[in-house]
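Quick notes on the structure that follows.
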Amino acid sequence: MTTVIIVIVLVVVAVGAFLALSRGKGGAQLQAPPSAKPLQPAPRAREEAPKPVARPDHVKAPPRPGAPAPPPSPAPPAAAPPPPPSARAPSAKDVAGLRKGLAAARGGFVAKLSALFQGRKEIEPAILEQMEEVMLAGDVGPKTTQAILSRLRESLGRNELRDGDAVWAELRAEATRILSIGGGAIRMGSRPTVVLVVGVNGVGKTTTIGKLATRYKAAGKKVVLAAGDTFRAAAVQQLEVWGKRVGADVVRGKEGADPGAVAFDATNSARTAGADLLLVDTAGRLHTKVPLMDEIKKVRKTIAKAMEGAPHETLLVLDATTGQNALQQATQFKEALELTGIVLTKLDGTAKGGIVLGICDELRLPVRYVGLGERAEDLREFHSEEFVEALFGKGDEDVAAA
Ligand code: GDP
């Protein structure tokens, strides 16, 4: 009898202890706030914890299994653009992809600069002259080269540049400072957002429009294209090919039609169709003669007549392989139009690439996208820090090799 009582008591105690333990565990899981993770977990805890997934600060942690569903997050303010294909923080993967596209420039102009400083324990002022040569040959442009060099000279005078690494770090800081004047994707604030794309023939306007259309279509946006280069049948056809490929309507006029009228019709069509984005191609000939600029100004005006506040962006496309000529084109277009940014194409095809610094520094125009090839996916949003890292980031054989 006593044995039976002892056994019963033991069983009750064991069950009680088990229940208390399991409740404690479950309660902790439910109650732990998402932010309860210590900033510096103790080594043991780190060993036991599941591997954290790297994510940008603004991305919320996914709910833990078993945790109650979080309350719905507040809707973004009405003026905030919907997350374009662009809304991503620069990551190591982005930098690696960009670096690949910039291989020619890294192996050319950047490698030459790097070779001047690599392993150098002391910096003599004469080295800045060699640096000047390389920068000019790399299409940085005389004004921007001088501006960068005079800052380096100041730092050298203050004894702040003791070795090659210090110069390289300062050069990177200068490049970041120059390039940090904006950038990034089209601001999708209106519906439709109207983007006028301008530039001389052959720089890559139509290709850029095709690439942009591909990105925004892939992000679920309704895209309309306007074939505003009515002077060239080939340009219209090229745009139609992109339209078909991407699944975007193309508004075109008869050959030789008034480009303003085409842009006007396209803006109205895009509005009626409830499109998110209208990309307007324009003619690019005779940029040195006033009539072409007048023509583009007229296109702008007619778009504004069809929709108040439009065009919301006017992007100038420049071919990076044309160096200082691109800078001259930008100067002329900037005088004639209110540009909101630059698309710098063909950066994959130049061992120079310094033009990006010249454009941002001299013209104070932000680069918004860079073209790194002919395929639809070869267009990248421009973010200064990512770009500088991809261009000047060290530790790669391709920089050291040259
Ligand atoms: P548009 O006259 O300004 O409209 O220029 P196009 O869009 O017709 O482009 C002219 C040429 O440049 C075409 O052969 C394109 O494939 C090529 N192209 C455009 N962008 C890039 C780029 O980023 N990289 C390379 N390598 N080629 C490009």
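Every number in this text was worked out from the coordinates using simple rules, so none of it is lab data. Worth saying up front: this structure is predicted, and the values here are computed from it rather than measured. Neighbour counts run over all protein chains shown; Cβ positions are idealised from the backbone, glycine included.
Of the peptides 200-209, 215-224, 149-158, 253-262, how do they stack up when ordered by the mean number of other Cβ atoms within 10 Å, highest first?
Going from most to least packed, we get 200-209, 215-224, 253-262, 149-158.
Give me the number: length gained by fully extending SER150 to LYS297, i.e. 0.36 nm times residue separation minus the C-alpha to C-alpha distance, one decimal in nm. Can you show the working numbers first?
Values: separation 147, 0.36 × 147 = 52.92 nm, distance 3.89 nm.
Fully extending the segment from SER150 to LYS297 adds 49.0 nm.
How high is the FRET efficiency between ALA304 and ALA234 when r is their beta carbon distance and R₀ equals 25 Å, given to the nearest 0.05?
Numbers: r = 29 Å, r/R0 = 1.14.
Once the sixth-power term is evaluated, E becomes 0.30.
On average over all directions, what projected area in square nanometres does segment 128-272 have, based on the convex hull of its Cα atoms?
Details: hull surface 48.8 nm².
For the Cα atoms of segment 128-272, the hull's average projected area reads 12.2 nm².
Taking a ≥ b ≥ c as the square roots of the Cα gyration tensor eigenvalues, with a/c under 1.5 meaning rounded and otherwise prolate when a/b beats b/c, else oblate, which class fits segment 353-394?
oblate
Applying 1/(1 + (r/R0)^6) with R0 = 30 Å to the Cβ-Cβ distance of ALA96 and LEU136, what FRET efficiency is obtained, to the nearest 0.05?
Taking R0 as 30 Å, the efficiency between ALA96 and LEU136 is 0.50.
Sort 266-279, 347-360 by the packing proxy (mean of other Cβ within 10 Å over each peptide's residues), most packed first. Don't skip to the answer; put the middle values down first.
On the way: 266-279: 21.4, 347-360: 23.8.
Going from most to least packed, we get 347-360, 266-279.
Cα gyration tensor of segment 138-199, axes a ≥ b ≥ c as square roots of the eigenvalues: rounded (a/c below 1.5), prolate (a/b > b/c) or oblate?
Prolate shape, in that a/c is at least 1.5 and a/b is the bigger ratio.
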